[in-house]
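Structure, as structure tokens:
What follows draws every value from the coordinates through simple rules; no lab data is involved. Owing to the predicted nature of the structure, the values given are computational and were not obtained by experimental measurement. Cβ sites come from the backbone with ideal geometry, for glycine too, and all protein chains shown count toward neighbours.
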Amino acid sequence: MEVDITSIYFTVGVPPTDEVDNILAAHLKSRRDLVKLFYNTLKAHPLDPIISRKIRPLRDSFFINTLIGEEIVQKKFGEALELAKIKEIQGSSLTYIARKVGSFKKMYEKFAEEVFRPAVEPLETDEDIQRRMLKGLEKIKSLE
């Protein structure tokens, strides 16, 4: 039986899977995995209530794959790494090593403000989408 380990996190204590506060190092398959962790953190602890209502209808993989393929996102990812003083070591996978506790949180906060927020702000909220769906259903009722 072959085991495929996708992610290993080295932390102070046992963190929930949606928090980055106590991570000291991470061994991941790709940058996408760290962006996914950041996205899970965003969903669990939104920057503000509107952001939460805008990401709720999105399929996680759609949102993450759309972002990770963009050059500007890769640039902002690198800038966030640098600001947080996290070392990225590339091999067949990636290892991220922080200088101190709180570095991954600092990286997350920068990435969330400079990538997630601008990507999400133009989207409709879940209530807006629901209202549009109900309006469409009203059209069906009027045709009967």
Quiz item: Can you give the extra length, in nm with one decimal, that the chain gains between Asn65 and Lys29 once fully stretched, where that is 0.36 nm per residue apart less the Cα-Cα distance?
Solution: 11.5 nm
Quiz item: For Rg and Dmax of the Cα atoms in Å, which listed value, [x] 25.0, 91; [y] 18.3, 66; [z] 19.0, 69, comes from the coordinates shown?
Solution: [y]
Self-check item: Helical mean residue ellipticity (222 nm; -39500 (n - 2.57) per DSSP H run of 4+; nearest 500) of the chain
Solution: -15500 deg cm²/dmol
Practice problem: Work out the FRET efficiency for Ser7 and Leu134 from their Cβ-Cβ distance, taking R0 = 41 Å, and round it to the nearest 0.05. | Solution: 0.55
Exercise. Give me the distance in nm between label points sitting 7 Å out from Cα along the Cα-to-Cβ direction at Ile72 and Lys43, one decimal.
Key: 2.5
Quiz item: Once phi is turned into θ = phi - 60°, what whole-Hz ³J(HN,Hα) does the Karplus curve with 6.51, -1.76 and 1.60 give for every residue of region 63-77, x standing for Gly and Pro?
Solution: 4, 5, 5, 5, 5, 4, x, 8, 4, 5, 5, 4, 5, 5, 4
Quiz prompt | Relative contact order of the chain, defined on C-alpha pairs under 8 angstrom at six or more residues apart (%) | solution = 29
Exercise. Run the numbers on region 85-143 and let me know its relative contact order in percent, using alpha-carbon pairs under 8 Å that are six or more apart.
Key: 18
Quiz item: So how tilted is helix 31-44 from the main axis of the chain? Cα-based, degrees 0 to 90, rounded to 10.
Solution: 60
Quiz prompt | lysines whose Cα lies under 27 Å from that of Lys106, excluding same-chain neighbours fewer than 8 positions away | solution = Lys29, Lys36, Lys43, Lys54, Lys75, Lys76, Lys85, Lys87
Quiz prompt | Angle in degrees between helix 126-143 and the longest Cα principal axis of the chain, rounded to the nearest 10 | solution = 30
Quiz item: So what are the ³J(HN,Hα) numbers for region 94-104, from phi and the Karplus equation (6.51, -1.76, 1.60; θ = phi - 60°), rounded to whole Hz, Gly and Pro as x?
Solution: 10, 10, 10, 10, 8, 6, 7, 4, x, 5, 5
Quiz item: Using the Karplus equation 6.51 cos²θ - 1.76 cosθ + 1.60 (θ = phi - 60°), what ³J(HN,Hα) coupling, rounded to whole Hz, does each residue of region 45-55 give in order, writing x for Gly and Pro?
Solution: 9, x, 4, 7, x, 5, 4, 4, 6, 8, 8
